[in-house]
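Take a look at the structure set out below.
None of the figures in this text is laboratory data; all of them are computed from the coordinates on show. Source: prediction; values computed, not measured. For neighbour counting, all protein chains shown are included, and Cβ atoms are generated from backbone atoms with ideal geometry for every residue, glycine included.
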4 protein chains.
Amino acid sequence: MSEPAVVQLAHVELISSKPEETLWFFHDLLGLEESARQGQSVYLRGYEDWYHHTLKITEGSETALGHVAWRAASEEALEALARRLEQAGLGRGWHEGDLGHGRAYRFVTPDGHPMEVLWEVEYYHPPETMRTALRNRPQKRPLRGIPVRRIDHVNLMVREVAPVRDFFMEYLGFRLREQKIGQEGQIVGAWLSVSPLVHEVAVMRDATGARGRFHHVAYWYGYPQHLMDAADALVDYGVRIEAGPGKHGTTQAYFMYVFEPGGVRVELFGDTGYLIFDPTWKTVVWDVSNESDLERSSIWFGGRLPETFYTYGVPSMAWETARAR
Amino acid sequence: MSEPAVVQLAHVELISSKPEETLWFFHDLLGLEESARQGQSVYLRGYEDWYHHTLKITEGSETALGHVAWRAASEEALEALARRLEQAGLGRGWHEGDLGHGRAYRFVTPDGHPMEVLWEVEYYHPPETMRTALRNRPQKRPLRGIPVRRIDHVNLMVREVAPVRDFFMEYLGFRLREQKIGQEGQIVGAWLSVSPLVHEVAVMRDATGARGRFHHVAYWYGYPQHLMDAADALVDYGVRIEAGPGKHGTTQAYFMYVFEPGGVRVELFGDTGYLIFDPTWKTVVWDVSNESDLERSSIWFGGRLPETFYTYGVPSMAWETARAR
Amino acid sequence: MSEPAVVQLAHVELISSKPEETLWFFHDLLGLEESARQGQSVYLRGYEDWYHHTLKITEGSETALGHVAWRAASEEALEALARRLEQAGLGRGWHEGDLGHGRAYRFVTPDGHPMEVLWEVEYYHPPETMRTALRNRPQKRPLRGIPVRRIDHVNLMVREVAPVRDFFMEYLGFRLREQKIGQEGQIVGAWLSVSPLVHEVAVMRDATGARGRFHHVAYWYGYPQHLMDAADALVDYGVRIEAGPGKHGTTQAYFMYVFEPGGVRVELFGDTGYLIFDPTWKTVVWDVSNESDLERSSIWFGGRLPETFYTYGVPSMAWETARAR
Amino acid sequence: MSEPAVVQLAHVELISSKPEETLWFFHDLLGLEESARQGQSVYLRGYEDWYHHTLKITEGSETALGHVAWRAASEEALEALARRLEQAGLGRGWHEGDLGHGRAYRFVTPDGHPMEVLWEVEYYHPPETMRTALRNRPQKRPLRGIPVRRIDHVNLMVREVAPVRDFFMEYLGFRLREQKIGQEGQIVGAWLSVSPLVHEVAVMRDATGARGRFHHVAYWYGYPQHLMDAADALVDYGVRIEAGPGKHGTTQAYFMYVFEPGGVRVELFGDTGYLIFDPTWKTVVWDVSNESDLERSSIWFGGRLPETFYTYGVPSMAWETARAR
């Protein structure tokens, strides 16, 4: 078991065709803090996110995934990974960096999702009024909305799971924590992580057959009550809940899926699910060709997942487009 | 068991020598909504309080209890009660009313706490943006602070418990739900209600021997997590917690006591404790001359109550002073 | 507003064709305590139920509602009510009583649900090992299952709502707290109470047109986490959840519906919903002929209610059959 | 940052002079499952612990720490670590293993706490009736007590913090997550981990100056409500709570400390505190020579820690004594 090349989900960029409403959702309802604005982008973070930002919202003509950024294990790991990605034909070159982090190497998954990996990060420094005496928290708890604590994971929709799953394992160093297998052994979902979290990335088969779409980004509460509070508030303020609150069998997450006004699905994660400390962890396999696993893996308790959960995603913006910005 | 003369705690007026800070505490941290401002007063309510206000904060040179208001069972009950209070020498006369309610009959408890009873109430009507589709809630859930839901009860400090307890029972129709008895049978605390709540009013012996002081007003969360959230936020924003979160034996309340910046103790009530539906309820008696009851009645679990809990209170403003306003 | 004739839901008798499994469900999973066994019946109660029992499970050839028992406001109220019910042709005569209570007057609702009203009750006395120092709780908290605290309410399916609703109001003294109105003003549901609880009884239109069926009995947790714990455990142990956990708009209950092994629907109630203290409460009306109210009244958040929720119920056993026991 | 030699807390052995009562505490109240009995020992685990056991209770004349076991990163890491420990003079030799794991290398901390490191582990296999459809959980959720989910960490009392802290970092590969510094720069506490958990081991200065004592073992709930449930039940059943429920500043743990009947302090851990994913984490330093940090690091909210928290611990049993068993 060699050390993984990446160690952490760093941030996600979403392109929104309704940036004001998207910002209202993340800032007013989910209590994210604004770190900066630049160009057509607003940079945000949860109150327990340590870095400059974990979410970048960029205005665009079409709602899409901008990119997903991973933090490398070290400067050397970053360079080695860049070389390997380039050789694999998945690299898209170095970028000088953005607000909040140093140079980043851009790449795409085999399914086409735009990603980058970086090493140098800038830490968040709160304004005087938001400094806290709680030294292991970057700032005071916001008094706004039902504030999420930190970014948790991303979920990608793909045409075929196996190649993307293998890419995350072989290149980025992820371990396969859980997997769903369907008819004739087809892999329909994979949950991978580089930490004791069950996943920092999930890869799910796109029921429409499309490539490179984005399923969701997840923010973490850690307290189940907050998920219920968020549900209550989101309904009150007219935000559409797609599914939940409920408990997945897979990952054991106490989940809720909502659509931010721009159209990206966002997961709110109510508890901690379970953590994996065993270095010889055997991938949990759900055989969804049988009824029990099919039902129990999706929903341990709570209402069923609607059809949209398997068919709706937003496209990825091409790195080429980003470059032009 | 005749019908009680009063049926509900209607509102509380607090006099604050630091009205801006007091308002910040109730509005920004506890999420109360402002209904109106008039003269030196601001009127507030929790988002599940149906009437115009449940809290009136009035600027004053000294922090004090302004008054406690009860809603009568009916117009007739109000008039009958006014007559009886006048005959008892505790009446202070009719007042034409205030924002949010009709005429009120003013009186004092045998220990001198200023109170009033009223019948006609004005209901709260939210502005367009705060109207909710949840028809049994008066407004949307606020996106500010850790919002309390509704007013719950008041707690009075008295020189002698028995006369005040008897007054609430004989005049206002309260039933005695729990009681603490100390050395030589002395009554040290009484919890009384006119509804299945264990108390809308508690009467506790003032360890300093003072008369007519006010111990606290309580607002209700109903969700234990919110009490922890409030604790977290209050510490972060520099508000002093006196005791809790913890669970009282008496009333089984999951409690926390904090001091609003003006100096009034406020209880935040995390769960529902227990409810009493039995018409032949036998008063629960804690004999605090024995160690077990002494400890268990105060604290079932959580840190001990500090000395201040028994010695600190704010004085009552005299009705005469109010009249002059 | 005259005093209601009844003040409290006292107990429910369920007839089970699988009494062992039904007992396992209530005793092992929901943590109810067994008070007594007699004949074909087992008597149970939640650990915060004060009386001898709140649930009687009786073996029978067909699962059914045995009866619902109400506690009268007083001995006089009991007698007056019995006379009125007799005159209305709904009375079924006095019965000498059962374990845990004195004589009871039997009657049926206009839709045929067997009920009784009683005054004298026997309090539960725990065995030595279950005595608690918490003087306002009848016994120690059980260390078994996810223990419910107390009985909460019953829900009746009826051919026509209005006559049954009116019966509860005119004879038993209930107040109408919430109501659902459908196409052409048809009443499709009514929630009634004699206390600040939103309901001790709900009356819902039976979508199959049947008469006298029973929808569910509800037990109360008061802590939302316990509902999630119960959901987790019930799935693990193979009990079928029909709907929830989720939040109703109507009553604001954080609910879950499950089928005990005999086939009776049981509601587990996770929080306190809201309480009504206003003596001039205006019935909350949901107009379910419009989409918003239709959806929001059933489900504020959580998965949708399945068709069975409107069509499945268990029949009532006739009082005549009971008499023969 | 080289890979740590150990990756996980594997189990803890406690020696109890009251083994029956100790077993009642862990099994009946905390819901641990018994895996095996052998000799004077009982082997237990939480329902989300994957290995054969995480707790071994051994009867002894004096209550003490038996030993703490760590799982190595690999077979090679185990052997390399054994060599280094032997060279350091802290090794106590190989042992053929115990129920549930293969050979183990025994050692002591510089302060004398008996520990072992092992690689091969046996997984728990539930009996048929406890098999669950939830494939990422080793068994059904127990229906007994307030069941803890998994082992979390240990806390050691030491004469001097720095040498023991350095030992964990240099030999076992721990990273220093938080630290408390007192008068004149003296280190009074250190929190270390090999995973994103803030600590699998804490090292605290023993205020009595003793060496090699054990402060506590912690089991994890992850749901704050369960900590309150445990508090409620523990008081009801006569178990002494030393402190909490409350929230530490250090580690942000929602904690409670109780004494199992044999006399060992046990921490119950209600939430997840916070997790550390940043590979360049800067140790959080609390300067407890200033009032704010002194108070906030111990108690963010909740009652104060009593004197016993700093002075009471149980001794370590010598490995030599264990060998003789």
Among strands (runs of 3 or more DSSP E) completely within segment C:1-93, the ones holding 2 or more residues that are in contact (Cβ under 8 Å) with a residue 60 or more places away in the chain and surrounded by fewer than 22 Cβ atoms within 10 Å (Cβ to Cβ) are C:33-38
Q.
On the basis of being farther than 23 Å from C:Leu192 by Cβ and either within 14 Å of chain B (Cβ to nearest Cβ) or in contact with a strand residue (DSSP E or B) (Cβ under 7 Å, 6 or more places away or on another chain) (or both), does C:Gly66 make the cut?
A. no
Exactly one of D:Glu79, D:Glu21, D:Glu96, D:Glu34 is of a type in the set (Asp, Glu) and within 19 Å of the chain's Cα centre (by Cα), and that residue is D:Glu34
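Conditions (1) touching a Cys at 6+ places or on another chain (Cβ under 6 Å); (2) closer than 28 Å to B:Glu291 by Cβ; (3) surrounded by fewer than 21 Cβ atoms within 10 Å (Cβ to Cβ); (4) of a type in the set (S, T, N, Q), marked per residue:
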site: B:Asn155; (1), (2), (3), (4): no, yes, yes, yes
site: B:Tyr171; (1), (2), (3), (4): no, no, yes, no
site: B:Phe174; (1), (2), (3), (4): no, no, no, no
site: B:Glu178; (1), (2), (3), (4): no, yes, no, no
site: B:Gly189; (1), (2), (3), (4): no, yes, no, no
site: B:Ala202; (1), (2), (3), (4): no, yes, no, no
site: B:Asp206; (1), (2), (3), (4): no, yes, no, no
Selection over segment D:235-247 where residues are touching a strand residue (DSSP E or B) at 6+ places or on another chain (Cβ under 8 Å) and either surrounded by fewer than 23 Cβ atoms within 10 Å (Cβ to Cβ) or of a type in the set (Gly, Ala, Ser) (or both) yields a count of 7
A careful count of residues in segment A:168-189 that are in a strand (DSSP E or B) and within 14 Å of another protein chain (Cβ to nearest Cβ) gives 8
Filtering segment C:128-167 for residues that are part of a loop (DSSP other than H, G, I, E, B) and more than 14 Å from chain D (Cβ to nearest Cβ) leaves a count of 2
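Looking only at residues that are closer than 24 Å to A:Ser195 by Cβ and charged (D, E, K, R) in segment D:261-283, which one is farthest from the other protein chains (Cβ to nearest Cβ)? Reasoning before the result, please.
Kept after step one, since they are closer than 24 Å to A:Ser195 by Cβ, are these residues of segment D:261-283: D:267, D:269-283.
After this cut, where a residue has to be charged (D, E, K, R) as well, the list is D:267, D:271, D:278, D:282.
Numbers: D:Glu267: 15, D:Asp271: 6, D:Asp278: 6, D:Lys282: 9 Å.
Checked segment D:261-283; the qualifying residue farthest from the other protein chains (Cβ to nearest Cβ) is D:Glu267.
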Picked from segment A:313-325 (must be touching a residue at least 40 places away in the same chain (Cβ under 8 Å) and aliphatic (A, V, I, L, M)), the residue nearest to the other protein chains (Cβ to nearest Cβ) is A:Val314
*Does B:Arg159 satisfy the criteria of being over 20 Å from B:Glu260 (Cβ atoms) and without any contact (Cβ under 8 Å) to a residue 60 or more places away in the chain?*
yes
Residue hits (segment B:267-279; within 27 Å of D:Ala243 (Cβ to Cβ) and touching a residue at least 60 places away in the same chain (Cβ under 8 Å)) are B:Glu267, B:Leu268, B:Phe269, B:Gly273, B:Tyr274
Has segment A:235-252 got any residue that is of a type in the set (Ser, Thr, Tyr) and closer than 19 Å to A:Gly46 by Cα? no
Among the residues of segment C:96-127, the number that are free of Cβ contacts under 8 Å to residues at least 60 places away in the same chain and assigned to a strand (DSSP E or B) is 6
Expected output for segment A:247-260 (first residue within 11 Å of another protein chain (Cβ to nearest Cβ), partner among the β-branched types (Val, Ile, Thr) and not in a strand (DSSP E or B), Cβ below 6 Å, 6+ apart or cross-chain) is A:Thr251/A:Val198; A:Val258/A:Val239
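This table checks each residue for (1) closer than 21 Å to B:Arg150 by Cα; (2) out of contact with any Leu (no Cβ under 6 Å at 6 or more places or on another chain).
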{"position": "B:Leu197", "(1), (2)": "yes, yes"}
{"position": "B:Arg205", "(1), (2)": "no, yes"}
{"position": "B:Met256", "(1), (2)": "yes, no"}
{"position": "B:Val266", "(1), (2)": "yes, yes"}
Of the residues in segment A:216-232, those that are within 7 Å of another protein chain (Cβ to nearest Cβ) and either within 22 Å of A:Thr308 (Cβ to Cβ) or of a type in the set (D, E, K, R) (or both) number 2
When segment A:115-134 is checked residue by residue, the ones that are farther than 18 Å from A:His53 by Cα and crowded, with 20+ Cβ neighbours inside 10 Å are A:Leu134
When every residue in segment A:284-312 that is facing another protein chain (nearest Cβ under 10 Å) and more than 26 Å from C:Gly246 (Cα to Cα) is compared, the one surrounded by the fewest Cβ atoms within 10 Å (Cβ to Cβ) is A:Val285
Expected output for segment D:280-307 (first residue touching a residue at least 24 places away in the same chain (Cβ under 8 Å), partner surrounded by 16 or more Cβ atoms within 10 Å (Cβ to Cβ) and hydroxyl-bearing (Ser, Thr, Tyr), Cβ below 6 Å, 6+ apart or cross-chain) is D:Trp286/D:Ser297; D:Ser297/D:Thr250; D:Leu305/D:Ser298
